[in-house]
Amino acid sequence: MKKFTPTYVFDSISDIDGDFLKREGISCVLLDIDNTLVPDNAPCPDARAEAFIELLKRKGIKPCLISNNKQSRVESFNAKLGLKAVHRAHKPLTRKMLRAVKELGAKKESVLFIGDQLLTDIYAGNRCGIRTCLVTPISLERENCFFKLKRFIEKKVLSRNFR
Ligand SMILES: [Mg+2]
């Protein structure tokens, strides 16, 4: 079960504080796109996504997009942002993610992966040996059962010491 347990749990990227990331020693954030940064298949970043990426940059944290979606979707989403981006990442496989971490010049201990899916994002990050953060899928933000599951995981996570 540990492989599916995120290091951190937040309701949304808007709840992730830049100072918290700095305190935790994060220098690089890998980001899932669909349902993490924006609603599923939203063509371009919205205000929330842009604000979060700006926050990361302001704190000197490198953002990198890691999506299982196809090249055209990732490229058009990233057109304005101009971030390092990996399409067809094949999460939960780790090869492309590990290559991105290497190319970013980041140490694994300082990398955080943020995603909305336990079985792809969190599992992939944990397999890579990096820290992971689960957010509520944007399309489910108002659904109760997921919040209950998250509260359950959150309690489990918080009951352990953070790495
Ligand atoms: Mg997603």
Q. Each label point is 7 Å from the Cα along the Cα-to-Cβ direction; what then is the distance between the points at V157 and K80, in nm?
A. 2.8 nm
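Using only the Cα atoms of segment 2-159, construct the convex hull and provide its projected area averaged over every direction, in square nanometres to one decimal. Before the final figure, lay out each step's value.
Values: hull surface 33.3 nm².
Here the figure is 8.3 nm², rounded to one decimal.
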Q) Tell me, what is the percent relative contact order of the chain, built from C-alpha pairs under 8 Å that lie six or more residues apart? A) 32 percent
Q | Ranked list, fewest to most other Cβ atoms within 10 Å of each Cβ, for D34, D17, D116 | A | D17, D34, D116
Q. Could you give the dipole magnitude of the chain about its Cα centre, charging the beta-carbon of Lys and Arg +1 and that of Asp and Glu -1, in debye to the nearest 20?
A. 840 debye
Q: Go through K57/K156; K96/K155; K3/K91; K62/K156; K3/K108; K96/K156 and tell me which ones have a Cα-Cα distance over 21 Å in this structure.
A: K57/K156; K96/K155; K62/K156; K96/K156
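Okay, helix-only estimate at 222 nm for the chain: each DSSP H run of n ≥ 4 adds -39500 (n - 2.57), divide by all residues, round to 500 deg cm²/dmol; what do you get?
-10000 deg cm²/dmol
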Q: Would you mind computing, in nm to one decimal, how far apart the modelled labels at K59 and D17 are, each placed 7 Å from Cα along Cα→Cβ?
A: 1.0 nm
Q.
From the Cα trace of segment 1-53, what convex hull volume per residue do you get, rounded to a whole Å³?
A. 103 Å³
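Just so you know, all these numbers are worked out from the coordinates, no wet-lab data involved. Source: prediction; values computed, not measured. Glycine also receives a Cβ, built like all others from the backbone with ideal geometry; neighbour counts cover every protein chain displayed.
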